[in-house]
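Note sheet for the following structure.
The values are calculated or read from the model by the stated rules, or taken from the named source; none is laboratory data. Values in this document were obtained by computation on a predicted structure and should not be read as measured data. Neighbour counts run over all protein chains shown; Cβ positions are idealised from the backbone, glycine included. Ligands, DNA and RNA are stripped out before the accessible areas are found, and what is left, the full protein with its side chains, is counted by its heavy atoms. Shrake-Rupley method; radii C 1.70, N 1.55, O 1.52, S 1.80 Å.
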Amino acid sequence: MEINYYTIGERIRHYREENGLSQEELADIIGVSWRHFNYLEHGERKTSIDNLVAIANALKISSNELLVDYLETLPQKLESEVIDLMNECTLNEKTILVDMLKHLKQLLSEYGI
């Protein structure tokens, strides 16, 4: 499997902006130069596991959120989580959630996702 560092960089940028941080601020938090961080965020350099974990921690996210395309066990975990949540629901709650999921799925399809 080939890892696309550009995609990981895009996710880093998304979460960085969501947290209201500049590249300089996040670079300072994780202890790298702005230039090095800029290369990471643009996918021009590979990142170390240490930097990936530091970035995820600084952005208050799981490293899984940055690596989601490359994790083979994630779909099984998500399915298990959905099943656990559904098992905690009443029949009425399950009906509403399934209806909402159908509508959300349709919206995702309309947006090409």
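Quick look at the numbers
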read-out: Filtered residue count, the range 56-66, keeping only those that are in contact (Cβ under 8 Å) with a residue 12 or more places away in the chain, surrounded by 13 or more Cβ atoms within 10 Å (Cβ to Cβ) and either aromatic (Phe, Trp, Tyr) or farther than 13 Å from Glu10 by Cα (or both); value: 3
read-out: Hits in the range 78-113 - residues which are open to solvent by less than 100 Å² (accessible area, probe 1.4 Å) and of a type in the set (Ser, Thr, Tyr); value: Ser80, Thr90, Thr95, Ser109
read-out: The range 22-39, residues that are buried (at least 18 other Cβ atoms within 10 Å of the Cβ) and either more than 17 Å from Arg11 (Cα to Cα) or modelled with pLDDT under 95 (or both); value: Val32
read-out: Residue list for the range 15-64, restricted to those being of a type in the set (Phe, Trp, Tyr) and more than 21 Å from Asn4 (Cβ to Cβ); value: Trp34
read-out: Options Lys77, Lys102: the member that is at pLDDT 90 or above and of a type in the set (D, E, K, R); value: Lys102
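Per-residue answers, yes or no, for (1) farther than 23 Å from Tyr70 by Cα; (2) in contact with a Gly (Cβ under 6 Å, 6 or more places away or on another chain):
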{"site": "Arg11", "(1), (2)": "no, no"}
{"site": "Tyr15", "(1), (2)": "no, no"}
{"site": "Glu24", "(1), (2)": "yes, no"}
{"site": "Ile29", "(1), (2)": "yes, no"}
{"site": "Glu41", "(1), (2)": "no, yes"}
{"site": "Arg45", "(1), (2)": "no, no"}
{"site": "Ser48", "(1), (2)": "no, no"}
